[in-house]
Amino acid sequence: MRHVLLIFSAIIGSQAVLNTGLQLKIDELFDTPGHTNNWAVLVCTSKFWFNYRHVSNVLALYHSIKRLGVPDSNIIMMLAEDVPCNSRNPRPGTVYAARAGANLYGSDVEVDYRGEEVTVENFIRILTGRHHPATPRSKRLLTDHQSNVLIYLTGHGGDSFMKFQDSEELTNVDLAYAVQTMFEDNRYHEMLVIADSCRSASMYEWIDSPNVLSLSSSLTHEESYSYDVDTDIGVYVIDRYTHYTVNFLNKEVKALNSSANMQDYIDSCPARKCLSNTGVRKDHYPKDVKRVRVTDFFGSSRIFQHLSEEIVLDDEFWA
Amino acid sequence: MRELIGSLLVLVSFSYGLIEHFDEKVTLAPVRNNELRVDFRFNSDRRFDSRTEVNDFLTFPRIIQELLNRYAVHKLTVTMAHGRWNLDEWGLPPQPSAPAGAQVFAEFEAVGEEDADERMKFLVEALNGVLCTSISHIKVVTAPDFVVLENHKNRKRNLFKRYGVLSGETTCTENLTRLRKLLACKENGLSTLLHPSKLYNSLYHSSHLVIEQHREKNQCEAKMEVGVTVVMRNPSQKGQRPWSFADVFDRKLGSQCKIARSSQIDIIGPSGEITTTDVRNLTAISGAAPIDVSIPIAAIAQKQSVVKAWSSQGGFEQQHGMLTVHITNDDSASKIQVTQIIPYYVHLRYSRIHWKCDKGGNPSIEKVLKNSKGLEAPTLLQYKMSLSAGQTCELIIPFDKHLLRLEQYPPDANHGMHIPASSVFVEKSQFSYSIHSNAILVLLPVPDFSMPFNVICFVATAFALVFGPIQLYSTLWLAPVVKKSQWGRKVHRAILLVIIVFCLYAHMMDINLNEVRRGIETYFEKLNELK
């Protein structure tokens, strides 16, 4: 028996209210986004207390994208070191990205992978979706062909690799293969890869999958630098690239309907601020980055798409 | 108003034969001058008829009920702790006692041992999801014969027990957040006092989740207990004025949990008297002004005497070591049951494990020994014995440290690896309790992790030398002289020379291979553009 279903276009009323006048004009400046949901994988790969800044990098970005609507269930956060409850932390249970900043480790933080679970294997498993069947949903990247995925890596890196946990490396070829597997499994619509480490431009060198935009904090022959030191804690608290990223998100992208585009974001950390040249790779990204909203990757709005054609769902679908 | 809500709840639930309760309590006891022990207990229970599929949840968390049903759990205990409980000063630890790190004890139904192992794996992963922990690599022992944490009455045939301790596990804000999410009152009542910045700025903190389900004919009873225990130091440092909620929790109590059956604050005074405040009777709290409670600073004068246990490490060399568990009885005779888990990375010397007791020599000891199954399960040692008043016994466990396989070392191998704390279950005539000793950190022999690379380099160099100049000179004298000039050979030599010169140049200039590859690639790209 075959089910024949007619699905008519359904659009939510509140959406229609927004589509008037000015909003429509602003929309003309941007390409229509093709995604319906947003996901993020935020990875801090460094162990040890003195890598405090990598944990705060991830947490600062986590709060920014959460503010722009990406729910906790869609954020996979990996922290290799327990910094907030580390015995060396003079302010237990807290992480600060600036000397006078707000606590980033409040009770709303959900860490999915921590400590020894942050391994290259687990990272690749998250991307490719090949988990042990017991793995809970909160630890899986449940993306589909309509998901925009943000992958953010921070830690210590070198030419063509990123160090995990002081014991193993993720090479740029590993990363490229994982992304290609995701593409072949239809696990993303568009992807933004950000690497914040020394020589990080080498991380996206081998990525050849379509619809991937890659950014890095420094070029292949350059180092990346940290931004601020907190003498009370005795460690650097944030890296330059992430500091200016979060700064940009907080100042220019106040809400989901912000008209900031990806080019604005790419320009947000010039060499005189970052002390390194940021890397961009657009050759596998078909759109003009000036016509892409920052919130396509850093935010999450419920985008409904109209269906006007008839769709037949067979038994296999309902099984 | 409260009565109205209460009666509504009963009305709704009565029609299904479903009864749920939620109780909350915080106990504050000054245990030492300037040190305060705080115990939170949140109890949730639920009775229902198992014939009807009840999908209504009033106060009991649905996810816990699903966990109980899916894995046929009878009882599951999870504890997480940081710091060391000071048995001398703070008295009896919160029950179930928590060792540093994470601890899991599960009793559940399964078809057979293999099925039970598989189920345990799923259960641990499910716990990771519920509590935000990362205990996937916990190694559990099967079926401890003697009591570990408390007496279990169930003697069903298809009931399986698993017990594991992970000493290195950290516990932080995210775990507390998840525990709070299980409570019926998350945003008001006593749970608002669970504020991470103060709780983690403490001498000791532990939390636990105990869930259980009993079935009698068609009546099902599910229970959940969430507990948080903290020992903190008076922030004022002067120790002159009494504690207040604002000192202890960084906030005052500003709301009531209206759906709770009971909600109380117990304060234990210097002579052991308990002052109970029922939060629901506080009228001030419903207004704008949050309430603060004053707690005396004087410590409880009369300390309860408890059995004490601590572990220490002996041995002075890289290869051999010795674990000693010291147990001191209090001032009356007691029966104890000791459980020690030994992970696979130390090898026991079984013949030399022994007890040494003072005062009246060694008592009669029953023991259970379950051998390690390599990476699958650690060794389990259990002892049952009676101690006379004030007696001290030492369990001496000599072991060998072995070089592990390269991939078995943790990311920071030089930090050492833990041998979990031993658990001691104490039975008195009136009551029983469990305590834990401390975990010890064993420094294993650590290999040179760059050794494979060094070996490859060394062997390659040796090969190059042997099959290069050494072979050349040893055979050259015997070879006939070739006079004719050969172009092929000259070109070959020229290429080799260029490669050697390039390698030397690259070495001197610190150029890496990736850069060379990129250089060649860009060169070819330029060539393509020229066409």
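The values are calculated or read from the model by the stated rules, or taken from the named source; none is laboratory data. Just so you know, these numbers come straight off a predicted model, no measurement behind them. Cβ: placed from backbone, ideal geometry, glycine included. Neighbour counts: every protein chain shown.
The set of residues from segment A:50-101 being among the hydrophobic types (A, V, I, L, M, F, W, C), part of a loop (DSSP other than H, G, I, E, B), within 12 Å of chain B (Cβ to nearest Cβ) and closer than 27 Å to A:LYS251 by Cα comprises just one member, A:VAL95.
Of the residues making up segment A:134-165, those that are farther than 24 Å from A:TRP206 by Cβ, within 8 Å of another protein chain (Cβ to nearest Cβ) and either in a loop (DSSP other than H, G, I, E, B) or at pLDDT 95 or above (or both) number 3.
Considering segment A:114-133, and only residues there that are free of Cβ contacts under 8 Å to residues at least 12 places away in the same chain and within 9 Å of chain B (Cβ to nearest Cβ), the residue that is farthest from A:ASN86 (Cα to Cα) turns out to be A:PRO133. The numbered conditions (1) more than 14 Å from chain A (Cβ to nearest Cβ); (2) at pLDDT below 80 are all true for B:PHE449 except (1). Residue check: is B:VAL130 modelled with pLDDT of 90 or more and buried (at least 20 other Cβ atoms within 10 Å of the Cβ)? Answer is yes for this residue. Confirm whether A:ALA80 is surrounded by 22 or more Cβ atoms within 10 Å (Cβ to Cβ) and farther than 22 Å from A:ILE124 by Cβ. No.
Inside segment B:156-170, can you point out the residues that are within 24 Å of B:VAL73 (Cα to Cα) and facing chain A (nearest Cβ under 8 Å)? Residue satisfying the conditions is B:GLU169 alone. The set of residues in segment A:123-140 being among the hydroxyl-bearing types (Ser, Thr, Tyr) and within 15 Å of B:GLU125 (Cα to Cα) consists of A:THR135, A:SER138. Only residues that are crowded, with 22+ Cβ neighbours inside 10 Å, within 16 Å of B:ILE211 (Cα to Cα) and within 14 Å of chain A (Cβ to nearest Cβ) were counted across segment B:71-98, and they come to 1. Among the residues of segment A:102-113, those that are among the hydrophobic types (A, V, I, L, M, F, W, C) and either in contact with a helix residue (DSSP H, G or I) (Cβ under 7 Å, 6 or more places away or on another chain) or facing chain B (nearest Cβ under 9 Å) (or both) comprise A:LEU104, A:VAL109, A:VAL111. Inspect segment B:360-367 for any residue being at pLDDT 85 or above and in contact with a Lys or Arg (Cβ under 8 Å, 6 or more places away or on another chain) and give the result as yes or no. Within segment B:360-367 (the criterion being at pLDDT 85 or above and in contact with a Lys or Arg (Cβ under 8 Å, 6 or more places away or on another chain)), the answer is yes, since at least one residue qualifies.
All conditions but one from (1) more than 12 Å from chain A (Cβ to nearest Cβ); (2) crowded, with 19+ Cβ neighbours inside 10 Å; (3) in contact (Cβ under 8 Å) with a residue 60 or more places away in the chain apply to B:GLY101; the one that does not is (1). The residues of segment B:104-136 that are among the β-branched types (Val, Ile, Thr) and more than 9 Å from chain A (Cβ to nearest Cβ), listed by number, are B:VAL104, B:VAL111, B:ILE135.
Of all residues in segment B:417-446 being surrounded by fewer than 19 Cβ atoms within 10 Å (Cβ to Cβ) and within 14 Å of chain A (Cβ to nearest Cβ), which is nearest to the chain's Cα centre (by Cα)? So, considering only residues that are surrounded by fewer than 19 Cβ atoms within 10 Å (Cβ to Cβ) and within 14 Å of chain A (Cβ to nearest Cβ), the one nearest to the chain's Cα centre (by Cα) is B:LEU441. Counting only helices (runs of 4 or more DSSP H) wholly contained in segment A:199-282, the ones carrying 3 or more residues that are under 18 Å from the mean Cα position of the chain (by Cα) occupy A:240-252, A:262-266. Output the residue which, of all residues in segment B:180-205 that are touching a helix residue (DSSP H, G or I) at 6+ places or on another chain (Cβ under 7 Å) and under 22 Å from B:LEU67 (Cα atoms), is surrounded by the fewest Cβ atoms within 10 Å (Cβ to Cβ). Selected residue: B:LYS186. Can you report the number of residues in segment B:384-419 which are hydrophobic (A, V, I, L, M, F, W, C) and closer than 28 Å to B:PRO363 by Cα? Qualifying residue count for the region: 9.
Report the residue count in segment B:176-230 for those that are of a type in the set (Val, Ile, Thr) and within 14 Å of chain A (Cβ to nearest Cβ). Here the count works out to 4. Listed by position, the strands (runs of 3 or more DSSP E) enclosed by segment B:212-308 that each have at least 3 residues that are at pLDDT below 85 and either outside the structural domain of B:ASP45 (by TED's automatic domain parsing) or under 22 Å from B:ARG37 (Cα atoms) (or both) are B:274-278. Against the definition (of a type outside the set (Val, Ile, Thr), more than 29 Å from B:HIS195 (Cα to Cα) and in contact (Cβ under 8 Å) with a residue 12 or more places away in the chain), how does B:ASN175 come out, yes or no? The answer is no for B:ASN175. When segment B:378-416 is limited to residues that are away from every other protein chain (no Cβ under 14 Å) and among the polar types (S, T, N, Q), the one that is nearest to B:VAL141 (Cα to Cα) turns out to be B:THR379.
Scanning for something out of contact with any helix residue (DSSP H, G or I) (no Cβ under 7 Å at 6 or more places or on another chain), at pLDDT below 90 and surrounded by fewer than 18 Cβ atoms within 10 Å (Cβ to Cβ), does segment A:256-273 turn up at least one residue? Looking through segment A:256-273, at least one residue is out of contact with any helix residue (DSSP H, G or I) (no Cβ under 7 Å at 6 or more places or on another chain), at pLDDT below 90 and surrounded by fewer than 18 Cβ atoms within 10 Å (Cβ to Cβ). Considering segment A:173-203 alone, what residues qualify as being within 14 Å of chain B (Cβ to nearest Cβ) and crowded, with 24+ Cβ neighbours inside 10 Å? Selection gives A:ARG199, A:SER200, A:ALA201, A:SER202, A:MET203. Do the conditions hold for A:ASN186, that is, is it closer than 22 Å to A:ILE266 by Cβ and polar (S, T, N, Q)? No, not satisfied. Would you pick out the residues in segment A:224-268 that are of a type in the set (A, V, I, L, M, F, W, C) and either closer than 24 Å to A:VAL95 by Cα or in contact with a Cys (Cβ under 9 Å, 6 or more places away or on another chain) (or both)? Selection gives A:VAL229, A:ILE233, A:VAL235, A:VAL237, A:ILE238, A:VAL246, A:PHE248, A:LEU249, A:VAL253.
Using the structure shown, decide if B:LEU68 is in the same structural domain as B:VAL165 (by TED's automatic domain parsing), farther than 27 Å from B:VAL231 by Cα, surrounded by fewer than 23 Cβ atoms within 10 Å (Cβ to Cβ) and touching a residue at least 60 places away in the same chain (Cβ under 8 Å). Considered against the rule, which asks whether it is in the same structural domain as B:VAL165 (by TED's automatic domain parsing), farther than 27 Å from B:VAL231 by Cα, surrounded by fewer than 23 Cβ atoms within 10 Å (Cβ to Cβ) and touching a residue at least 60 places away in the same chain (Cβ under 8 Å), B:LEU68 comes out as yes.
Scanning segment B:87-105 for residues that are in contact with a Lys or Arg (Cβ under 8 Å, 6 or more places away or on another chain) and assigned to a strand (DSSP E or B) returns B:VAL104, B:PHE105. Yes or no: B:PHE449 assigned to a helix (DSSP H, G or I) and within 56 Å of the chain's Cα centre (by Cα)? No; evaluated as a whole, the condition is false for this residue.
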